[in-house]
Amino acid sequence: MIDKAKLKEYTAQLGIPLDEGQLEQFDLYARTLVEWNEKINLTAILDPEGILVKHFLDSLMLLTVIQPGEGERLIDVGTGAGFPSIPVKIARPDLNLTLLDSLNKRINFLKELSGLLGQENECIHFRAEEAGQKKEYRGRYQFSTARAVAHLRELSEYCIPFLQQGGKFAALKSGNIEQELKESEKAIHVLGGKIVEIRRFSLPDASPRSIILVEKISQTPTGYPRPSAKIAKKPLV
């Protein structure tokens with residue numbers, strides 16, 4: 001379905017080599033995504049080039065910003081159809097991956113997809129603010145990530161509590177992020193984080209993208225994350 005030669009060329013330019021088996025996995029991922037999208041709403045991007053660039057390549061850009069050690073733990077918060085983490089695990093099959101989403105239909109898709117790709121992923125049906133207060137998830141990960149889920153301010157409250165101290169949260173964003181960064185400074189500080197890198201780039205179709213990397217430098221206060229209604233009513237500003 002996808003142009004595997006083009007994907008191999010793009011990723012090689014990023015320093016992410018993919019072998020034929022991995023390219024086949026990406027093709028299987030694309031075909032499964034389109035098939036399941038007829039049953040549940042997973043994505044509006046269904047053309048082969050769009051999937052390759054706006055889903056797969058966009059997700060793999062994460063590996064230009066974080067360099068996980070072998071077997072380290074990554075949680076993808078509000079993962080939807082598995083972006084960015086499943087493409088990252090195709091490139092780095094050693095990673096221990098937790099996929100978190102609030103919609104059980106998407107979790108069912110992720111379980112089937114993980115099996116088809118030979119990935120032993122933990123797929124959990126939770127709201128992020130609930131899972132972040134549970135001892136089996138809170139403070140247990142070296143990395144957390146999210147793509148196009150919410151404003152960075154709220155996203156930080158969802159994602160930072162999952163991290164060990166010294167862990168890193170990577171937010172994948174599109175468009176202009178300057179105002180969002182300013183509006184998120186207090187929240188990131190209160191939650192124990194510090195922005196350590198902002199990577200700006202363009203996809204091959206010229207779409208602007210950014211990855212904001214936040215390091216957890218101190219423990220998140222026990223009251224966070226708060227219930228979603230309180231997050232919405234009283235944002236950390």
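The set of residues from segment 93-112 being of a type outside the set (S, T, N, Q), touching a Leu at 6+ places or on another chain (Cβ under 8 Å) and not in a loop (DSSP other than H, G, I, E, B) comprises Leu97, Leu99, Asp101, Arg106, Ile107, Phe109, Leu110.
In segment 199-212, the qualifying residues are those that are among the hydrophobic types (A, V, I, L, M, F, W, C) and farther than 16 Å from Cys159 by Cβ, and the one that is surrounded by the fewest Cβ atoms within 10 Å (Cβ to Cβ) is Ala206.
Can you find, within segment 213-234, the residue that is surrounded by the fewest Cβ atoms within 10 Å (Cβ to Cβ) among those that are touching a helix residue (DSSP H, G or I) at 6+ places or on another chain (Cβ under 8 Å) and part of a loop (DSSP other than H, G, I, E, B)? Restricting to residues being touching a helix residue (DSSP H, G or I) at 6+ places or on another chain (Cβ under 8 Å) and part of a loop (DSSP other than H, G, I, E, B), the top hit is Pro221. Taking the conditions exactly as written (out of contact with any Phe, Trp or Tyr (no Cβ under 6 Å at 6 or more places or on another chain) and outside any helix (DSSP H, G or I)), does Ile40 satisfy them or not? The answer is yes for Ile40. For segment 144-183, a tally of residues being out of contact with any helix residue (DSSP H, G or I) (no Cβ under 9 Å at 6 or more places or on another chain), in a strand (DSSP E or B) and not polar (S, T, N, Q) returns 3. If you go through segment 1-33 and keep only what is assigned to a helix (DSSP H, G or I) and in contact (Cβ under 8 Å) with a residue 40 or more places away in the chain, you end up with Lys6, Leu7, Tyr10, Thr11, Gln22, Gln25, Phe26, Leu28, Tyr29, Thr32, Leu33. Take the conditions modelled with pLDDT of 95 or more and either within 16 Å of Cys159 (Cβ to Cβ) or in a strand (DSSP E or B) (or both) and apply them to Gly139. Does it pass? Yes: the conditions hold for Gly139.
The values are calculated or read from the model by the stated rules, or taken from the named source; none is laboratory data. No experiment lies behind these values; they were computed from the predicted model shown. Neighbour counts are summed over all protein chains in view; Cβ atoms, including those assigned to glycine, are modelled from backbone coordinates with ideal geometry.
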